[in-house]
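Some notes on the structure that comes next.
The values are calculated or read from the model by the stated rules, or taken from the named source; none is laboratory data. Fair warning: this is a prediction, and the values are worked out from it, not measured in the lab. Cβ atoms come from the backbone with ideal geometry, glycine included; neighbour counts cover every protein chain shown.
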């Protein structure tokens, strides 16, 4: 088979927070290892890429690196010359919208010319510019999950009329994504659950959607020590890459509150950062449990693995996950896992985690207490879960599935 010139489009690719930058770094490296020529085309923040992978920066204003109006105004005034996309980006952000996907798509359309690439992979920008690019270059569109799910949960948990108004304004890009998704020739998603949701929420035909699970880098995410003596550790770890209701962090925090009298040494480490003055900080203050919780952010993979190695139990209390990297990473590190029985999570865990109903602090607390009561049993199951992840979520095997799908996308044009 001919080796391909592949472009990967990513409207933002933060290397540590969220999954976008991590996903781009992983898939670009693996396709490079198969012999393809890879170029990542990204808006800010930019990813950390392996050697041999070209990075093309399409700089927008990067307004969401700050929420201070003066700082945003300085960014806007400093950009010269200014394009229509710069004006659109500034004023939509000013009124509470999120314009980056649309403006990135426009910039990519102007940059990419016919013949530049054999095929493109779009990392869920679903921007109008892709429709124009697709006329001359085949595109594989990756939708990790429809963002309509994020909107639904944020609205569901918001009681303030003003807050609900601004949530709707923020998600003003969703009509664009729905329109574009229907027009894309081939869509890839990482779980069967996400495929169903894309069909339901975006109105995409199921025949256009392929499912390839994401992988877990077991060469990095692996146990660092013998975990037999962790029954008296009482350290819990969870990941909340974004301080939003979808991640269900509040339920884990309330579970810690329920457990602290029974286990006075219990401590929750959160991989993520709460919004300053936001709901999570207010909840911790209200429960008076700041001494039992710590937050860590901008960690490297190795640093995250170290945090897993120091923890006795991992909790994923998400209300929805398109794939759920924290689930697979905890299992790969041989840590007993408590996770919600929602969306794609059961596809990843199989029978090797304690699955509970979502939105239930009491169920999280009961599951943690059960694991502490018979730690050796749950540690043995965690070991089986680690082997399950290594065998079934292997990036090297998954890269070959990606390669086959990319050839199919190209051949559909012939």
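Does residue 98 satisfy the condition of being touching a helix residue (DSSP H, G or I) at 6+ places or on another chain (Cβ under 8 Å), surrounded by fewer than 21 Cβ atoms within 10 Å (Cβ to Cβ) and modelled with pLDDT under 95?
No: the conditions fail for residue 98.
Go over the candidates 382, 343, 367, 330 one by one and state the one that is outside the structural domain of residue 120 (by TED's automatic domain parsing), in a helix (DSSP H, G or I) and closer than 22 Å to residue 27 by Cβ.
Values: 382 fails: closer than 22 Å to residue 27 by Cβ; 343 fails: in a helix (DSSP H, G or I); 367 fails: closer than 22 Å to residue 27 by Cβ.
One residue alone meets the criteria, 330.
Of everything in region 4-48, what is in a loop (DSSP other than H, G, I, E, B) and either under 16 Å from residue 405 (Cβ atoms) or not assigned by TED's automatic domain parsing to the domain that holds residue 403 (or both)? Give them in sequence order.
4, 34, 36
Would you confirm whether or not region 397-412 contains a residue that is touching a residue at least 60 places away in the same chain (Cβ under 8 Å), touching a strand residue (DSSP E or B) at 6+ places or on another chain (Cβ under 8 Å), within 26 Å of residue 218 (Cβ to Cβ) and not assigned by TED's automatic domain parsing to the domain that holds residue 190?
Checking region 397-412: not a single residue is touching a residue at least 60 places away in the same chain (Cβ under 8 Å), touching a strand residue (DSSP E or B) at 6+ places or on another chain (Cβ under 8 Å), within 26 Å of residue 218 (Cβ to Cβ) and not assigned by TED's automatic domain parsing to the domain that holds residue 190.
Results for (1) in contact (Cβ under 8 Å) with a residue 12 or more places away in the chain; (2) surrounded by fewer than 18 Cβ atoms within 10 Å (Cβ to Cβ); (3) part of a loop (DSSP other than H, G, I, E, B), shown as yes or no for each residue.
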| residue | (1), (2), (3) |
| --- | --- |
| 256 | yes, no, no |
| 265 | yes, yes, yes |
| 274 | yes, no, yes |
| 294 | yes, yes, no |
| 299 | yes, yes, yes |
| 302 | yes, yes, no |
| 314 | yes, no, no |
| 322 | yes, no, yes |
| 334 | yes, no, yes |
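Are any of the residues in region 140-152 under 20 Å from the mean Cα position of the chain (by Cα), free of Cβ contacts under 8 Å to residues at least 40 places away in the same chain and surrounded by fewer than 19 Cβ atoms within 10 Å (Cβ to Cβ)?
Scanning region 140-152, I find at least one residue that is under 20 Å from the mean Cα position of the chain (by Cα), free of Cβ contacts under 8 Å to residues at least 40 places away in the same chain and surrounded by fewer than 19 Cβ atoms within 10 Å (Cβ to Cβ), so the answer is yes.
Inside region 347-364, can you point out the residues that are assigned to a helix (DSSP H, G or I) and buried (at least 22 other Cβ atoms within 10 Å of the Cβ)? Steps first, please.
Of all residues in region 347-364, those assigned to a helix (DSSP H, G or I) come to 347-349, 361-364.
Within region 347-364, 348, 349, 364 meet the criteria.
Condition first: farther than 17 Å from residue 392 by Cβ and surrounded by fewer than 18 Cβ atoms within 10 Å (Cβ to Cβ). Now tell me which residues in region 187-198 satisfy that.
196
Please state which one of 104, 111, 117 is in contact (Cβ under 8 Å) with a residue 60 or more places away in the chain and surrounded by fewer than 20 Cβ atoms within 10 Å (Cβ to Cβ). First the steps, then the outcome.
Working: 104 fails: surrounded by fewer than 20 Cβ atoms within 10 Å (Cβ to Cβ); 117 fails: surrounded by fewer than 20 Cβ atoms within 10 Å (Cβ to Cβ).
From the options 104, 111, 117, the qualifying one is 111.
Regarding residue 92, is this residue assigned to a helix (DSSP H, G or I) and farther than 26 Å from residue 210 by Cα?
Yes, satisfied.
Against the conditions (1) at pLDDT 95 or above; (2) surrounded by fewer than 18 Cβ atoms within 10 Å (Cβ to Cβ), where does residue 160 fall short? Just the number, please.
(1)
Starting from residues that are modelled with pLDDT under 95 and touching a helix residue (DSSP H, G or I) at 6+ places or on another chain (Cβ under 8 Å), keep the ones in region 394-414 and report whichever is farthest from residue 212 (Cα to Cα).
Step by step, filter region 394-414, then rank; the result is 396.
Report whether or not residue 133 is crowded, with 22+ Cβ neighbours inside 10 Å, farther than 26 Å from residue 249 by Cα and either in the same structural domain as residue 101 (by TED's automatic domain parsing) or out of contact with any strand residue (DSSP E or B) (no Cβ under 6 Å at 6 or more places or on another chain) (or both). It would help to see each step written out before you state the result.
Details: crowded, with 22+ Cβ neighbours inside 10 Å: yes; farther than 26 Å from residue 249 by Cα: yes; either in the same structural domain as residue 101 (by TED's automatic domain parsing) or out of contact with any strand residue (DSSP E or B) (no Cβ under 6 Å at 6 or more places or on another chain) (or both): yes.
Taking the combined requirement at face value, the residue satisfies it.
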